[in-house]
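Below you'll find the structure, written out as structure tokens, and then a few comments.
The values are calculated or read from the model by the stated rules, or taken from the named source; none is laboratory data. Keep in mind that what you see is a predicted model, and the values were worked out from it rather than measured. Cβ: placed from backbone, ideal geometry, glycine included. Neighbour counts: every protein chain shown. The protein model used for the area step is the full one, side chains on, heavy atoms only, and it has no ligands, DNA or RNA in it. Shrake-Rupley method; radii C 1.70, N 1.55, O 1.52, S 1.80 Å.
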Protein chains: 4
Amino acid sequence: MDMAHLGHVEILTPKLEESLRFFIDVLGMTQSGVEGDSVYLRAWDDYERHSLKLTAAKQPGLGHMALRARSPQALQRRVDALGGTEFALGWTDGDLCHGPAFLCRDPDGHHIELYYETQWYEPPGPLRPALKNQAQRFPARGCNVRRLDHWNGLAVDIKANREFFENYLGLRLTEQIVLDSGIEAGMWMTCTNKTYDFAYARDATGTKGRLHHVTYALNSREEVLLAADIFLENGIKIETGPHKHAIQQTFFLYVYEPGGNRVEVVNAGARLILAPDWKPIRG
Amino acid sequence: MDMAHLGHVEILTPKLEESLRFFIDVLGMTQSGVEGDSVYLRAWDDYERHSLKLTAAKQPGLGHMALRARSPQALQRRVDALGGTEFALGWTDGDLCHGPAFLCRDPDGHHIELYYETQWYEPPGPLRPALKNQAQRFPARGCNVRRLDHWNGLAVDIKANREFFENYLGLRLTEQIVLDSGIEAGMWMTCTNKTYDFAYARDATGTKGRLHHVTYALNSREEVLLAADIFLENGIKIETGPHKHAIQQTFFLYVYEPGGNRVEVVNAGARLILAPDWKPIRG
Amino acid sequence: MDMAHLGHVEILTPKLEESLRFFIDVLGMTQSGVEGDSVYLRAWDDYERHSLKLTAAKQPGLGHMALRARSPQALQRRVDALGGTEFALGWTDGDLCHGPAFLCRDPDGHHIELYYETQWYEPPGPLRPALKNQAQRFPARGCNVRRLDHWNGLAVDIKANREFFENYLGLRLTEQIVLDSGIEAGMWMTCTNKTYDFAYARDATGTKGRLHHVTYALNSREEVLLAADIFLENGIKIETGPHKHAIQQTFFLYVYEPGGNRVEVVNAGARLILAPDWKPIRG
Amino acid sequence: MDMAHLGHVEILTPKLEESLRFFIDVLGMTQSGVEGDSVYLRAWDDYERHSLKLTAAKQPGLGHMALRARSPQALQRRVDALGGTEFALGWTDGDLCHGPAFLCRDPDGHHIELYYETQWYEPPGPLRPALKNQAQRFPARGCNVRRLDHWNGLAVDIKANREFFENYLGLRLTEQIVLDSGIEAGMWMTCTNKTYDFAYARDATGTKGRLHHVTYALNSREEVLLAADIFLENGIKIETGPHKHAIQQTFFLYVYEPGGNRVEVVNAGARLILAPDWKPIRG
């Protein structure tokens, strides 16, 4: 229980300006910082300064994902657990929007930042919300994505990655796909009452460290349906959906942002996993 | 059955620029013309060039309402019926967005244009929709009002006005309020399968020709709820709602636009009146 | 404009009892009559006594569809137009739930009843609604279908059928599919402000008089999504959806009832066709 | 972090049979046990055997509330903390649907069960869901309440109760009302990512141990609106709503069940509190 939640995801784009227009104008996100080749973005209900770091690169893909710890002590416990293993990459000074982070990698090579110190978002005047319990004004622009929900990666060896996240980071498996051969082909992991904070599917190509998609939550299924209309009107390619996944029952829609990354918008209804001893569902 | 539908409403505003910002930025409407002291506005699903004429004036209130006839012949039949009565005011050349209109007034003095020739909206490139069967691109801005739904006036003598609309314009009464004293206190009239195209409530002050509100339809009740959030964020005064009226079962929300006119957004769900012999509901 | 709306559809089922359970328990309809091999069913917002006649037969398919006229005079005008043509089949005494009907057939052989006299539904005590302007209590059972929306047939020669409905019954074409060869492959017809009251698609097999599906409207897209869950839970085969048709923008879901007929539930949002001179959309 | 979530609430009713009909037929709950004067009820997404214990009594009100611990060790830690204080009441053998519980009371006298051992619900055949990751078949009956969301009590001294839950049970305050005088007048406490698992408002009458309401979550705001219709049709008194609370932004509806207890149905949209260091909002 040392990790509190998925904090942010960094994705790479060969078309920074076009990707930025997609996330701001079509998804309805807000730019909250720029540094070097990276632009920091946030959804209106994200409490931290950013939940997406968009970095110019030759190819699309994942930069890193970041998990926020529950406390400095919780962070230190995870660093201690990782110390000296092949997964530990060491401390960084942090980033524009958060404090020092311990960088590690999972068995598939995805980079993971663990951090506790962060910046709570302070909206400038025109973005101040009417209600005190909300991070930022509702934008009323594009899809109005609410908050970072999860991200989805590919991994060559699901079992090895599952065990890494369970053993070193204390995450919980809520659902998985196990083939008749006994090989694990998919995993959904959480550190919250959300049914998953990220998921991995088996990479049949044997390529390591890949991103499948990054996902933002909307307030209702009706807004996911509206998002489909908005993507269509804006010439954004819809890959599939809106549909309901049987796994985790997420109502979802996949599109491609101009930089080539798959982006998902979802609504899970009121579904939460509250049981502390939830038995992973095997599909 | 000679009248096809409510075509547009003209409202007066002492704060033209601020009213315009409200209708465009907050409601999500599109400006489609300017002439003299008037700006023409439309919702994305209105097939005609405009559904709202916003005219600078010293006081807020109703300019006129306009009903489109089913055909030139249908229009002429109504003009013939009105000709020579106290209600007839005569032909006008029409307006920026529609052809010649016959102007009349109801017993309470509200001005009414009857017209057939109109301009179908032709969206400029950036506003062209993805689907052929839609008038304009979905704006993804503010409340995204869909189409003019109805307007609501006040009248001193409801019965006289009801009879005027039934006898001279061929409209149908779908619901009404009749006091125990037998005095009619409210009426809901239609010329479509919508449950009403306009409504009048009794003006207890004895003032004539007043506007109560003008109403735009949204796609769902969820969007009416989102609209409430958007109004709150934009400092727009919410008078009442979102609620469901027992009369006509409309899910509604009343706000005041900066010029002082009450504006309503609604969703009626799938409710239609299909019966050709619908018996008016008496409340 | 002589026809008011689609009144009811008769479908045939080789499994009357199982079909009945589907329409009552899963769709949430109410039984409102029985006569011979037929059971009469209604949705809670249908104002007439029934909108579906379910008749035991060896094979599934269409019995007939029925259009209600706007008045006795309107009915007579249509009978006069049809009289002496190959399409006229003559008067019947009517049915358990409506008065005398004139029976005809379209060029593809679908049977069509035209009638005016009908029975307004009078709910027994436990089914009386709380609000006066509603036909029956909201059932809160199964999918809670609201009202008959449309039906969909197949026809070998779409053009001949379109012309029949335009010329003999005065219906309007709102959208159509015309192949590059100029052959008409689909038509959507209306006599209301609904975008269609029925539709025909081209029957590539050359078979005449076939039913594609019968459709009930739900109150919102959210309820269509709930309906998908309810069908899944009840072991009802979902053929496709929930999706949005590009044509007519209907949000829909197709299932098969136990008797073998395809049934659709839909929501059109606030979409209506108000223009009296709507130009058919050609897809 | 020792408490996992609100497990169940026991409410007292002077009209057991009528209350039962309300919870089963109108709310859509399922009876999952009977013992003595108590009936055990559950919503379709509750993973434990019950979330509501309905007990016959002379007056309506709260029997007790129960919090499930994260582990046997977590439970023991809380028992150790409470041991020897005036709040500890001692161990019980548990109940029909869960194992041994440690009973305590808060400063206002509300009875609280702390337990870990529980019964996961095992649906009988007809209630088995289509999807493996769901506890029970979606009922498609009445309001279809999804899961116990929270309960709301009254307390004479809010500050004393807040400190009790923070210090002895490790719960977190997410929002509170503090009067200008500095007196605390309301508190919202959580042990999950839900914004609250229960709330207390100040009891101005000075009466101790009172219940304000018990609350079930629905899947969407649209279903809360449907619930309002269903309550109206069933003659259930609606006290207020559907509205949105400014505090916690919950979309809610209050009714009275026949036994005299206030019951709430809500939807919070996608709102969660993910920050481990959330600063309580002061209203």
### Message
Looking for something in contact with a Cys (Cβ under 8 Å, 6 or more places away or on another chain) and assigned to a strand (DSSP E or B) - is there at least one such residue anywhere in segment C:18-31?
### Response
no
### Task
Return yes when residue C:207 is of a type in the set (Ser, Thr, Tyr) and away from chain B (no Cβ under 14 Å) and no when it is not.
yes
### Query
Residue check: is residue D:208 in contact (Cβ under 8 Å) with a residue 24 or more places away in the chain and over 22 Å from residue B:246 (Cβ atoms)?
yes
## Note on the structure
The residue that is surrounded by the fewest Cβ atoms within 10 Å (Cβ to Cβ), considering only those in segment C:107-140 that are within 20 Å of residue C:70 (Cβ to Cβ) and in contact with a Phe, Trp or Tyr (Cβ under 8 Å, 6 or more places away or on another chain), is C:120
### Summary
Per the list (1) over 24 Å from residue D:13 (Cα atoms); (2) in contact with a Leu (Cβ under 8 Å, 6 or more places away or on another chain); (3) open to solvent by less than 60 Å² (accessible area, probe 1.4 Å), residue check on residue D:83 breaks on (2)
### Message
Give me the residue from segment D:246-260 that is farther than 16 Å from residue B:222 by Cβ and at the interface with chain A (Cβ under 10 Å from one of its Cβ atoms) and, out of that set, nearest to the chain's Cα centre (by Cα).
### Response
D:248
#### Entry: In segment B:221-238, the residues that are crowded, with 21+ Cβ neighbours inside 10 Å, without any contact (Cβ under 8 Å) to a residue 40 or more places away in the chain and aliphatic (A, V, I, L, M)
B:225
### Single unsatisfied condition, residue C:75 versus (1) aliphatic (A, V, I, L, M); (2) part of a helix (DSSP H, G or I); (3) surrounded by fewer than 19 Cβ atoms within 10 Å (Cβ to Cβ); (4) within 14 Å of chain B (Cβ to nearest Cβ)
(3)
## Note on the structure
Counted residues in segment C:257-283 being open to solvent by 30 Å² or more (accessible area, probe 1.4 Å), part of a strand (DSSP E or B) and either out of contact with any strand residue (DSSP E or B) (no Cβ under 6 Å at 6 or more places or on another chain) or of a type in the set (A, V, I, L, M) (or both) come to 0
### Task
Count, please, the residues in segment D:179-197 that happen to be in contact with a strand residue (DSSP E or B) (Cβ under 8 Å, 6 or more places away or on another chain), free of Cβ contacts under 8 Å to residues at least 12 places away in the same chain and among the charged types (D, E, K, R).
0
### Message
Looking only at segment D:1-42, filter to residues that are in contact with a Pro (Cβ under 9 Å, 6 or more places away or on another chain) and open to solvent by less than 10 Å² (accessible area, probe 1.4 Å); which one of those is nearest to residue D:75 (Cα to Cα)?
### Response
D:4
### Query
assigned to a helix (DSSP H, G or I) and modelled with pLDDT of 95 or more: does that describe residue C:81?
yes
### Task
State yes or no: is residue A:218 more than 14 Å from chain B (Cβ to nearest Cβ) and surrounded by 23 or more Cβ atoms within 10 Å (Cβ to Cβ)?
no
### Message
Against the conditions (1) at the interface with another protein chain (Cβ under 10 Å from one of its Cβ atoms); (2) in a strand (DSSP E or B); (3) surrounded by fewer than 23 Cβ atoms within 10 Å (Cβ to Cβ); (4) modelled with pLDDT of 95 or more, where does residue D:241 fall short? Just the number, please.
### Response
(4)
### Message
Among the residues that make up segment D:28-45, is at least one of them touching a residue at least 24 places away in the same chain (Cβ under 8 Å), closer than 30 Å to residue A:2 by Cα and in contact with a strand residue (DSSP E or B) (Cβ under 7 Å, 6 or more places away or on another chain)?
### Response
yes
### Task
Tell me, please, whether a residue that is touching a Lys or Arg at 6+ places or on another chain (Cβ under 6 Å) and either of a type in the set (Ser, Thr, Tyr) or over 30 Å from residue C:74 (Cα atoms) (or both) can be found in segment B:51-69.
yes
### All positions within segment C:141-161 that are open to solvent by 10 Å² or more (accessible area, probe 1.4 Å) and under 15 Å from residue C:202 (Cα atoms)
C:152, C:154, C:156, C:157, C:159, C:160
### Query
How about segment C:33-66: which of its residues are within 12 Å of chain B (Cβ to nearest Cβ) and either among the charged types (D, E, K, R) or in contact with a His (Cβ under 7 Å, 6 or more places away or on another chain) (or both)?
C:45, C:46, C:48, C:51
#### Entry: segment A:43-60, subset hydrophobic (A, V, I, L, M, F, W, C) and more than 18 Å from residue D:270 (Cβ to Cβ), residue least open to solvent (accessible area, probe 1.4 Å)
A:54
### Message
So, residue C:69, is that one farther than 30 Å from residue D:138 by Cβ, touching a residue at least 24 places away in the same chain (Cβ under 8 Å) and open to solvent by 10 Å² or more (accessible area, probe 1.4 Å) or not?
### Response
no
### Task
Could you tell me which residue of segment B:244-256 is most open to solvent (accessible area, probe 1.4 Å), considering only residues that are in contact with a Gly (Cβ under 7 Å, 6 or more places away or on another chain) and farther than 25 Å from residue C:192 by Cβ?
B:254
### Message
Can you tell me which of (1) open to solvent by less than 50 Å² (accessible area, probe 1.4 Å); (2) at positive phi is the one residue C:64 doesn't meet?
### Response
(2)
